[in-house]
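I'd like to ask some things about the structure below.
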Amino acid sequence: MSEEPAPTALLPPEHVAIIMDGNGRWAAARKKPRKFGHHQGVEAVRRCVNAAGALGIRYLTLYSFSTENWRRPKDEVKALFDLMRGFVEKDLEQLRAEGVRVRILGSRDNLSADIITLIDRVEGQTRHNDKLFLNIAFNYGGRNEIARACSALMEKVRTGAFSADTITEADITDHLDTASIPDPDMIVRTSGEQRLSNFLLWQSAYAEFVVLDVMWPDFVQKHFEDALDIYHCRERRKGQVGI
């Protein structure tokens, strides 16, 4: 009797994007200040990056600071920027050694000179890595990104490099912050909230949306695996007829 072939292993999605939500509520539940939750959230980022590598994810995009987050109290915004600085100072050498390429998505408007220098440094020192592509959405908003892309295209129309009558979806894609990055296959949101919050609006057209009932500071590899299990149960038709 011939043996049955082993089942084919499920391939991981190429690109996973995560809305890291719940830091503040996690801290409040422990009667701690919100910045304590953000600090623990950075530890979850480290676990998430390690998990992505272990699970074979090629592209990982994390929603770190949105254009709307400027409306938060000044001390909380300062704490978030300090965590950004600390993460780079502590983790850059390890990320570079492990083959992680870091790319910062978002507008540079309103960013201080030292943060812009920091962004240039982390992108420059990891630009030749290719084991994992880590994208940090910082000072990022989906509508803002699309508006900036349209402005860039209109400038090219003005100079004669483009014709307004022939602009395609591909042209817009090529002028987004995520140019050269494949669209996300799956977008995960922690904390149980069920909205995109202005994240990757153009790119998420056919992404599978997975909501996890876990606060971001508690996120571990098992939660990543749970999201992948949900993803693999979905039938991804992308507008076509299913099987």
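The values are calculated or read from the model by the stated rules, or taken from the named source; none is laboratory data. Remember, predicted model here, so these are calculated numbers, not experimental data. Don't worry about glycine lacking a Cβ; one is built from the backbone with ideal geometry, like all the others, and counts go over all protein chains shown.
If residue 107 passes every condition in (1) in a loop (DSSP other than H, G, I, E, B); (2) over 16 Å from the mean Cα position of the chain (by Cα) but one, which one does it miss?
(2)
If you take the residues of the stretch 60-84 that are free of Cβ contacts under 8 Å to residues at least 40 places away in the same chain and part of a helix (DSSP H, G or I), which of them is nearest to residue 116 (Cα to Cα)? First the steps, then the outcome.
Step one: filter the stretch 60-84 for residues free of Cβ contacts under 8 Å to residues at least 40 places away in the same chain, giving 69, 71-74, 77-78, 81-82.
Adding the requirement that they be part of a helix (DSSP H, G or I) leaves 69, 71, 74, 77-78, 81-82.
Numbers: 69: 18, 71: 21, 74: 19, 77: 16, 78: 15, 81: 12, 82: 13 Å.
Top of the filtered list is 81.
Please name all residue pairs, on different chains or six or more residues apart, with Cβ atoms under 8 Å, provided the first residue is in the stretch 202-222 and is among the charged types (D, E, K, R) and the second residue is surrounded by 21 or more Cβ atoms within 10 Å (Cβ to Cβ) and in a helix (DSSP H, G or I).
Here the result reads 218/26; 218/44, each pair linking the stretch 202-222 to a residue that is surrounded by 21 or more Cβ atoms within 10 Å (Cβ to Cβ) and in a helix (DSSP H, G or I).
Say whether the condition of being modelled with pLDDT of 95 or more, over 15 Å from the mean Cα position of the chain (by Cα) and of a type outside the set (A, V, I, L, M) is met by at least one residue in the stretch 57-67.
Within the stretch 57-67, not a single residue is modelled with pLDDT of 95 or more, over 15 Å from the mean Cα position of the chain (by Cα) and of a type outside the set (A, V, I, L, M).
Suppose the filter is crowded, with 18+ Cβ neighbours inside 10 Å and at pLDDT below 95; does residue 80 pass it? Let's see the steps before the verdict.
On the way: crowded, with 18+ Cβ neighbours inside 10 Å: yes; at pLDDT below 95: yes.
Against the criterion (crowded, with 18+ Cβ neighbours inside 10 Å and at pLDDT below 95), residue 80 qualifies.
Go through the stretch 170-210 residue by residue and tally those that are over 15 Å from the mean Cα position of the chain (by Cα) and closer than 22 Å to residue 40 by Cα.
Residues meeting the conditions: 3.
Right, another one. Collect the residues in the stretch 179-195 that are in contact with an Asp or Glu (Cβ under 7 Å, 6 or more places away or on another chain) and farther than 21 Å from residue 213 by Cβ, keeping them in residue-number order. I'd like the intermediate steps shown before the answer.
Looking only at the stretch 179-195, we keep the residues that are in contact with an Asp or Glu (Cβ under 7 Å, 6 or more places away or on another chain), and these are 182, 185-186, 189-193.
Within the stretch 179-195, 182, 185 meet the criteria.
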